[in-house]
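Asker: Let me give you the structure first, and then I'll get to my questions.
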Amino acid sequence: MTDLTGKTAVITGGASGIGRAGALLLAEHGAKVVVADFAPLAENDELFAKLGIESRQCDVRRETELKKLMNFAATFNGRIDILVNNAGVGMVKQIDQVSEEDWDRVLDTNLKSAFFGSKHALRHMTHDGHGGSIINMASNAGILPRAQDPVYSISKLAIVGLTRSLGLCHSKDKVRFNAICPGPVGGTRMMDETIAEFDDLDTATQALIGASPLARALGRMITPEEVAQSILFLASDAAAMISGTLITIDGGKALGVPPQP
Ligand code: NAD
């Protein structure tokens, strides 16, 4: 079993969905986990306390808050070993409907946060030469941009670029950068909000499942726990020589146009 005892992990957007599942799995494997979210959920309190998970309120769009978060996380064992830049928001709007505020909200949450989160985690990963693992939550839209949500797609394509660029810069520091490209993932606030936009929830759910060939074959969406398994792998020493990769967990959606039913 992967043993993360003695390691400290920070996960942004960890109150729900993929981040929450990742936080639970890393803690179950021995890591000291700090979850940061701007909308913490009281229903997590009992389970987080049982697993020793610290929950901090943090708006990842603000560099000052990210700096405070990383400094807090480093108080446990003097360093940070794992950072999961997971917080994200979606937005389905065409360019003529997008305000500057909309653009800033999506790009600041999905991209700027990962850059400045990495900046302040790096200090705590490199000061004694031990290195670390930074995992960015991209999306299927980071491989294949989608017509319905250009700003979201741009943010996720850019985070793939960030992963490769910073991976190149910081291999010398033994810090690995990798990205995960999931979708569609059920049981998340983001997916619930996406489906709620439609009049017929069942048809919308089936359309999302149908766009991913394996999801269609299995008759379900991907689960947050399935994505968490890749967080665990990339965080672990088993991935010690892996940097700049994308792990695609999209049921084959990025392979091409699936056969018609
Ligand atoms: P989610 O909405 O359940 O989780 C996102 C979390 O981020 C929430 O807890 C939210 O409160 C938090 N958050 C949002 N803005 C924040 C901010 N400014 N500061 C701090 N926290 C903030 O949805 P999820 O699906 O688990 O999303 C996690 C990541 O996975 C996102 O980056 C998302 O883009 C990505 N993703 C999700 C899917 C999917 O199908 N659900 C697919 C591909 C990628």
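The values are calculated or read from the model by the stated rules, or taken from the named source; none is laboratory data. Keep in mind that this is a model prediction, so the values were computed, not measured. All Cβ positions, glycine included, derive from the backbone under ideal geometry; neighbour counts span all protein chains shown. Surface accessibility is based on the protein's heavy atoms, side chains included, excluding ligands, DNA and RNA. Shrake-Rupley method; radii C 1.70, N 1.55, O 1.52, S 1.80 Å.
Asker: Taking the chain as a Gaussian network, Cα atoms linked when under 10 Å apart, which of A179, A217, A31 shows the biggest mean-square fluctuation?
Answerer: In the Gaussian network model the winner is A217.
Asker: What residues qualify as long-range amide H neighbours of V84, i.e. H under 5 Å apart, gap of 5 or more or another chain, H built at 1.01 Å from N?
Answerer: V10, I11, T12, I135
Asker: If the chain were replaced by its equivalent ellipsoid, with semi-axes equal to the square roots of 5 times the Cα gyration tensor eigenvalues, what would those be, largest first, whole Å? Write out the running numbers ahead of the final one.
Answerer: Values: eigenvalues 168, 75, 70 Å².
Over the Cα atoms of the chain, the semi-axes work out to 29, 19, 19 Å.
Asker: Same structure, new question: Summarise the long-distance tail of P(r) for region 95-249 by giving the % of C-alpha pairs beyond 27 Å.
Answerer: Working: 3525 of 11935 pairs.
Value for region 95-249 (Cα pairs over 27 Å): 30 percent.
Asker: Another question about this same structure. Checking understanding here: applying a Kyte-Doolittle mean of at least -1.0 and a length along the axis of at least 27 Å (C-alpha), which whole DSSP H helices in the chain pass?
Answerer: Values: long enough: 150-170 (29 Å, 0.88).
In the chain, the long hydrophobic H runs are 150-170.
Asker: OK, next. Leaving out ligands, DNA and RNA, what percent of the accessible area of region 1-141 is carbon and sulfur, probe 1.4 Å? Show your work: numbers first, answer last.
Answerer: Working: 3070 of 6110 Å².
With neighbouring chains kept in place, the figure for region 1-141 is 50 percent.
Asker: Rounded to two decimals, what ratio of Rg to Rh does region 1-86 give with C-alpha atoms and a Kirkwood Rh? Kindly include the intermediate steps, with their values, before the conclusion.
Answerer: On the way: Rg = 11.7 Å, Rh = 12.5 Å.
Ratio of gyration radius to Kirkwood radius: 0.93.
Asker: Let's test this: bin the Cα-Cα distances of region 64-172 at 10 Å from zero up to the farthest pair and state each bin's percent.
Answerer: 15, 42, 28, 13, 2
Asker: Ordered by residue, what ³J(HN,Hα) values in Hz, to whole numbers, does region 49-60 give under the Karplus form 6.51 cos²θ - 1.76 cosθ + 1.60, where θ = phi - 60° and Gly and Pro are x?
Answerer: After applying 6.51 cos²θ - 1.76 cosθ + 1.60, I find 4, 4, 9, x, 7, 8, 10, 10, 7, 7, 9, 5 Hz.
Asker: Just how large is the dipole of the chain about the Cα centre, in debye to the nearest 20, putting +1 at every Lys and Arg Cβ and -1 at every Asp and Glu Cβ?
Answerer: 1040
Asker: Where does the Debye-calculated log10 I(q)/I(0) of region 177-218 sit at q = 0.19, 0.20, 0.30, 0.31 Å⁻¹, using only Cα point scatterers of equal weight, no solvent?
Answerer: -0.61, -0.66, -1.11, -1.14
Asker: What FRET efficiency, computed as 1/(1 + (r/R0)^6) with R0 = 30 Å and r the Cβ-Cβ distance, is obtained for M241 and K119, rounded to the nearest 0.05?
Answerer: Numbers: r = 24 Å, r/R0 = 0.81.
For M241 and K119, the calculated efficiency is 0.80.
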